[in-house]
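FYI, it's all coordinate maths here, none of it is from the lab. On a predicted model such as this, the values are computed, not experimentally measured, just so you know.
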Amino acid sequence: MASRDYSEQDVEEFFDQTLHNYLSFWDSEGVLHTGYFAAGNEGDYQAAAQHTSAVLAAEMMIDGSSRVLDAGSGCGNFLLYLAREYGCSGEGLDLSEKRVKFAMDRLAAAPGLRITFRHGSVTKMPYQAGTFTHVVSQDSLCLVPDKPRSHAEIARVLAPGGIFAFSDFLQPKEHVSERARRHVFDRVRWNGGYSLIGYQEALDSCGFEILLARNLRSHIRQTYRVLGETAVERAKTVPDQAARDWMLSFAESCREMLVAIDDEEFGWGIFVARKRSA
């Protein structure tokens, strides 16, 4: 993996500070992750982002008896979706206090769900061993500086035979260009990531059996193509100069992300793994 010295505090501060910008541009309900685009619907980011949740849920063998931890739960959308669709119980854990508050506010408007959200780090989780039947995540674990520690913690809080199902950003090449570093990695305080194979090896070393590892390069490329074009169009109608500047800067980064994806410096994948019983 490439290395940069961003700390968990750096990541927390970034996502606290940028929540408003992302909500005002991407999605007012906090859907801020990569889209899984269906054929014939390649321009609809919101539908694709929702489809990502459906695809992951279909692979993770979940039902009403499942106890689910969303590691890096952000604005809470995935866990809210799982609780509504499958009736599971669970908890979301995230570094950003502002995003946890946003998730709790959304939960308050959805009474009867057996979930909650908590501020904390996935490298030191406040749960007993074997608490959860499932751990899930969407595009957040790559931001953890100490990834082996987070994987070990996830394995610890999972019951034997438990399922770890997630999407995450990938770094297919060991070394990336300064352009990719600036527009992809530094932009979100990302130190560096795994290749598709490297991720599987890391999970295997922590006691996981790999059930699924899927390279979704075309979907992340489509996500940032659509978002970049959307940013340019919205910037034309936004009266606030600061907001307009942010959107145009984001659009520029999206163009650079497409280059990084084509150069195999940036990618995206979905993984499903089972904690070994022994």
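How are the C-alpha pair distances of the chain spread across 10 Å bins, as whole percents from the shortest bin up?
The calculated distribution, bin by bin, is 7, 30, 39, 20, 4, 0.
Using alpha carbons only, how many degrees (0 to 90, rounded to 10) separate the axis of helix 8-25 from the longest principal axis of the chain?
Helix 8-25 and the main axis of the chain meet at about 60 degrees.
How big is the range 102-194 by the Kirkwood estimate over distinct Cα pairs, in Å? Show your work: numbers first, answer last.
Working: mean 1/r = 0.0651 Å⁻¹.
Across the range 102-194, the inverse of the average 1/r is 15.4 Å.
What number, in percent, do you get for the relative contact order of the chain if the mean sequence gap of Cα pairs under 8 Å and at least 6 apart is divided by its residue count? Provide the component values of the computation, followed by the final result.
Numbers: 539 pairs, mean separation 59.0, N = 278.
Relative contact order, the chain: 21 percent.
In vacuo Debye scattering of the range 1-129, one point per C-alpha: log10 I(q)/I(0) at q = 0.15, 0.17, 0.19 Å⁻¹?
Log10 of I(q)/I(0), two decimals: -0.78, -0.99, -1.18.
How compact is the range 52-99 by the rule of thumb for globular proteins, expressed as Cα Rg over 2.2 N^0.38 Å?
Values: Rg = 10.6 Å, N = 48, 2.2 N^0.38 = 9.6 Å.
After normalising by residue count via 2.2 N^0.38 Å, the value is 1.10.
Principal axis extents for the range 173-278, Cα atoms only, whole Å, descending order, please.
So the extents along the principal axes, rounded to whole Å, are 60, 25, 22.
Which of the pairs 124/275; 147/275; 173/236; 101/236; 98/173 have their Cα atoms more than 27 Å apart in this structure? The partial results should precede the final answer.
On the way: 124/275 19 Å; 147/275 17 Å; 173/236 36 Å; 101/236 31 Å; 98/173 33 Å.
The answer is 173/236; 101/236; 98/173.
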